[in-house]
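*Asks:* Let me give you the structure first, and then I'll get to my questions.
The values are calculated or read from the model by the stated rules, or taken from the named source; none is laboratory data. Just so it is clear, the model here is predicted, and its values are computed rather than measured. We place every Cβ from the backbone using ideal geometry, glycine too, and count neighbours over all the protein chains shown. Just the protein is used for accessible areas: all its heavy atoms, side chains included, with ligands, DNA and RNA removed. Shrake-Rupley method; radii C 1.70, N 1.55, O 1.52, S 1.80 Å.
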Amino acid sequence: MPDVAIIGVGIHRFGRFPGKPALAIAAEAARDALADAGLNWADMQFAVGGSYEVDQPDAVVAELGLTGVQFTNVYNGCATAGSALALARQTIGQGEHELGLILGVDKHDPGAFTAEPEDYACPPWYGEMGLFLTPKFFGMKINRYMHDHGITHETLAAVAEKNYRNGALNPNAHRRTPMPADKILGARMVNYPLTQYMFCSPNEGAAALVVCSADVAHRYTDKPVYLRSVATRTRRYGAFEVHTPSASTSADHVPAPTVDAARAAFEAAGVDPADVAIAQLQDTDAGAEVIHLAEVGLCADGEQNELIASGATEIGGRLPVNTDGGLIANGEPVGASGLRQVRELVLQMRGRAGDRQVPGEPRVGVAQLYGAPGVAAVSVLST
């Protein structure tokens with residue numbers, strides 16, 4: 001039996017909230033998750049918080065209550081939620097505690113993420129030459145992938161169109177206006193082949209989970225969802241990754257960290273990718289969703305054109321992907337983004353996703369995260 005069950009999920013809407021402090025946003029998501037589990041903050045034996053912008057997520061205790069709870073902060077780029085899940089799983093699996101809260105929050109000002117190249121093991125000239133830009137990298141990566149595997153511009157537009165359409169069904173999404181493929185294709189080019197509406201945006205929001213030992217899950221819910229595994233991996237030498245394309249010198253492509261993380265997660269869970277009924281994938285841009293479909297093992301390289309055109313990744317398809325709109329519709333408050341993914345999987349597996357509920361109640365789901373400078377996290381959930 002898995003070690004960990006998810007018994008409560010919560011969220012603070014993603015978007016822009018001028019004048020609302022990050023910790024107030026975080027507390028709202030935490031209270032939402034606690035209410036969903038039918039528990040109080042005083043019941044929590046431990047907590048894990050993740051954030052890019054907030055130095056001390058544990059300061060949320062000033063909003064929730066000063067109970068003396070064990071609270072650990074983590075940060076691992078866009079894979080922060082994977083690391084938070086892994087730490088909670090270890091805490092419960094080792095018998096240290098049996099009930100806790102996982103919280104992710106961020107409040108990013110408008111504009112792109114910025115950092116010094118040296119902080120990512122890149123030389124100063126990398127930034128001086130204009131190479132230290134993530135839109136540039138994602139454009140380069142999908143352009144190469146399109147060349148190697150025949151992915152079309154129409155497929156990229158279809159991914160974004162789907163995610164805007166799904167976001168329109170999600171009251172917590174930032175972008176809730178459907179957008180047709182022709183408008184997406186005709187929008188301002190940011191980094192070829194990616195147009196303005198094929199990218200997500202950094203923003204604000206929070207998400208939270210209440211987790212417990214699987215042995216006691218039925219004390220709290222009649223529909224627990226189990227965290228069967230979580231794996232994080234960094235890049236290997238030769239992989240074509242964020243900010244390090246010059247390291248890709250091998251004639252044979254070196255597997256991306258998502259490939260390694262997915263293989264480890266599925267093996268640990270005792271699940272085959274073919275068993276997955278719903279997926280939440282990192283769609284920093286439309287091309288990322290296309291690439292990650294194959295890297296996670298949900299299709300082969302080059303099959304995405306047919307898969308997406310067939311409607312398979314739609315809410316009513318055989319493999320729904322990013323049913324809540326993904327990052328393209330929700331935006332990316334880094335610490336919260338991966339927990340938003342897991343929350344959506346839990347709602348879908350409970351059959352409580354409302355207008356965006358996939359047919360039936362999926363029994364196996366996967367959540368995947370990827371970020372600079374080449375780190376990935378993959379989690380496998382099941383009922």
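*Asks:* Just to confirm my numbers, what's the Cα centroid distance between the stretch 70-94 and the stretch 1-69 in Å?
*Replies:* Using only Cα atoms to place each centre, the spacing works out to 14 Å.
*Asks:* Just to confirm the number: angle between the C-alpha axis of helix 257-269 and the first principal axis of the chain, 0 to 90 degrees, nearest 10?
*Replies:* 40
*Asks:* Each residue of the stretch 95-104 in turn: what ³J(HN,Hα) in whole Hz from Karplus with 6.51, -1.76, 1.60 and θ = phi - 60°, glycine and Pro shown as x?
*Replies:* x, 5, 9, 10, 8, x, 10, 10, 9, x
*Asks:* Can I ask one more? On a 0 to 90° scale, report how tilted helix 286-295 is relative to the longest principal axis of the chain, with both axes built from alpha carbons and the result rounded to the nearest 10.
*Replies:* 80
*Asks:* 5 Å is the cut-off here: which amide hydrogens, built 1.01 Å from N in the peptide plane, fall below it relative to Thr72, excluding neighbours closer than 5 in sequence?
*Replies:* It is Ala47, Val48, Gly49, by chain and number.
*Asks:* Work out, step by step, the length gained on full extension between Lys183 and Asp272: first 0.36 nm times the residue separation, then minus their alpha carbon distance; give nm to one decimal.
*Replies:* Separation in residues times 0.36 nm, less the Cα-Cα distance, equals 28.3 nm.
*Asks:* Using amide H atoms built 1.01 Å from N in the peptide plane, name the residues 5+ places from Glu204, or on other chains, whose amide H lies under 5 Å from its own.
*Replies:* Placed amide hydrogens put Gly15, His108 under 5 Å from Glu204.
*Asks:* Still on this structure: Count the net charge of all other residues whose Cβ sits under 14 Å from the Cβ of Thr114, scoring Lys and Arg as +1 and Asp and Glu as -1.
*Replies:* The answer is -4.
*Asks:* How many angstrom lie between the Cα centre of the stretch 351-383 and the Cα centre of the stretch 267-339?
*Replies:* With the stretch 351-383 and the stretch 267-339 each reduced to a Cα centre, they are spaced 8 Å.
*Asks:* Can you give me the long-range amide H partners of Ser229? Hydrogens built in the peptide plane at 1.01 Å from N, cutoff under 5 Å, separation of 5 or more residues or another chain.
*Replies:* Placed amide hydrogens put Val380 under 5 Å from Ser229.
*Asks:* In addition: Could you run the Karplus curve 6.51 cos²θ - 1.76 cosθ + 1.60 with θ = phi - 60° over the stretch 298-306 and give me ³J(HN,Hα) per residue in whole Hz, x for Gly and Pro?
*Replies:* With the stated coefficients, the stretch 298-306 comes to 7, 7, 8, 4, x, 7, 5, 3, 5 Hz.
*Asks:* Which of the lysines could a cross-linker span from Lys136 if the Cα-Cα distance has to be under 28 Å and same-chain partners fewer than 8 positions apart are dropped?
*Replies:* Reachable lysines: Lys107, Lys162, Lys183.
*Asks:* Nearest 10 degrees is fine. How inclined is helix 153-167 to the longest principal axis of the chain, computing both from alpha carbons?
*Replies:* The helix 153-167 is inclined about 20 degrees to the chain.
*Asks:* Going by average Cβ density within 10 Å per residue, which order do the peptides 186-195, 224-233 take, highest to lowest?
*Replies:* Going by the mean number of other Cβ atoms within 10 Å, highest first, we get 224-233, 186-195.
*Asks:* Using helices alone, what [θ] at 222 nm do you get for the chain, with -39,500 (n - 2.57) per DSSP H run of 4 or more residues, divided over all residues and rounded to the nearest 500?
*Replies:* That calculation yields -10000 deg cm²/dmol at 222 nm.
*Asks:* Residue by residue through the stretch 52-67, which ³J(HN,Hα) values in whole Hz follow from phi under the Karplus form 6.51 cos²θ - 1.76 cosθ + 1.60 (θ = phi - 60°), with glycine and proline marked x?
*Replies:* 8, 8, 8, 4, 10, x, 5, 5, 4, 4, 5, 8, 8, x, 8, 9
*Asks:* Given R₀ = 30 Å, FRET efficiency for Thr67-Gln94 by Cβ-Cβ distance, to 0.05?
*Replies:* Here the calculated transfer efficiency is 0.85.
*Asks:* Round to a whole number: what % of the accessible area of the chain belongs to carbon and sulfur, probe 1.4 Å?
*Replies:* Carbon-and-sulfur percentage of accessible area, whole number: 49.
*Asks:* For a quick size check, give me the Cα extents of the stretch 162-266 along its three principal axes, largest first, whole Å.
*Replies:* 53, 41, 22
*Asks:* State whether the stretch 100-159 is rounded, prolate or oblate according to the following rule on the C-alpha gyration tensor (a ≥ b ≥ c being the square roots of its eigenvalues): a/c under 1.5 gives rounded; otherwise a/b larger than b/c gives prolate, and the remaining case gives oblate.
*Replies:* It is oblate, given that a/c is not under 1.5 and a/b is not larger than b/c.
*Asks:* Hey, another quick one. Hey, can you find the accessible area per residue of the chain for me, probe 1.4 Å, expressed in square angstrom?
*Replies:* In whole numbers, the chain has 38 Å² accessible per residue.
*Asks:* State the extension gain, in nm to one decimal, for the chain segment bounded by Glu361 and Glu116, taking 0.36 nm per residue of separation less the distance between their alpha-carbons.
*Replies:* 83.7 nm
*Asks:* Which of the trypsin sites (Lys or Arg not before Pro) found in the stretch 266-372 are loop residues per DSSP with 15 or fewer other Cβ atoms within 10 Å of their Cβ?
*Replies:* Sites meeting the loop and neighbour criteria: Arg318, Arg352, Arg363.
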